[in-house]
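K.L.:
Got a structure for you, written out below as structure tokens; questions coming shortly.
The values are calculated or read from the model by the stated rules, or taken from the named source; none is laboratory data. Because the structure is predicted, anything quoted here is derived from the model rather than measured. No Cβ is skipped: glycine too gets one built from the backbone with ideal geometry, and neighbour counts run over all protein chains shown. When the accessible area is computed, the model is the full protein with side chains, heavy atoms only, and any ligands, DNA or RNA have been set aside. Shrake-Rupley method; radii C 1.70, N 1.55, O 1.52, S 1.80 Å.
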Amino acid sequence: MGTLTDPMFCPTETALGVIGGKWKGMILWCICRKTIRFNELHRMIPSISQRMLTKQLRELEESGIIERKVYAQVPPKVEYSLSSHGRRLKPILDLLEDWSREYLEQRQQE
């Protein structure tokens with residue numbers, strides 16, 4: 001990622017650096033729909049390991065895209081949701097989903 005003063009700065013590359021990768025798109029797709037607990041999220045994405053899911057969630061939290069809320073109870077309850085900054089991504093992710101559907105339909109017709 002560059003900085004705004006860097007002549008090679010590319011905003012698209014910055015965005016993809018924050019939300020791109022093998023799992024972050026799927027994680028965000030799930031969290032965009034509702035506040036979700038770790039195990040529920042893991043059930044929705046069964047092919048991701050718990051370790052990788054934890055890593056990706058931490059990165060999204062560090063980037064300010066999601067929030068992690070821990071409830072003081074036994075057993076511990078943790079929920080993930082979009083942060084206010086992350087909610088600004090939702091319309092973009094919705095458009096990306098529409099574009100993807102159209103793209104896949106077009107490719108199937110070719």
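K.L.:
Of the numbered conditions (1) more than 21 Å from T14 (Cβ to Cβ); (2) open to solvent by less than 100 Å² (accessible area, probe 1.4 Å), L104 fails exactly one; give the number of that condition.
P.N.:
For L104, the exception is condition (2).
For every residue, the table says whether it meets (1) open to solvent by less than 100 Å² (accessible area, probe 1.4 Å); (2) more than 11 Å from the chain's Cα centre (by Cα).
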{"position": "C10", "(1), (2)": "yes, yes"}
{"position": "K34", "(1), (2)": "yes, yes"}
{"position": "H42", "(1), (2)": "yes, yes"}
{"position": "I48", "(1), (2)": "yes, yes"}
{"position": "L60", "(1), (2)": "yes, no"}
{"position": "V74", "(1), (2)": "no, yes"}
{"position": "S84", "(1), (2)": "yes, yes"}
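K.L.:
Separate question: When you go through (1) under 24 Å from F38 (Cα atoms); (2) part of a helix (DSSP H, G or I); (3) open to solvent by 90 Å² or more (accessible area, probe 1.4 Å); (4) of a type outside the set (S, T, Y) one by one for D94, which number turns out not to apply?
P.N.:
Among (1) under 24 Å from F38 (Cα atoms); (2) part of a helix (DSSP H, G or I); (3) open to solvent by 90 Å² or more (accessible area, probe 1.4 Å); (4) of a type outside the set (S, T, Y), D94 violates only (3).
K.L.:
In the stretch 1-72, which helices (runs of 4 or more DSSP H) lie fully inside it and hold 2 or more residues that are out of contact with any Cys (no Cβ under 8 Å at 6 or more places or on another chain) and modelled with pLDDT under 90?
P.N.:
Qualifying helices (runs of 4 or more DSSP H): 11-19.
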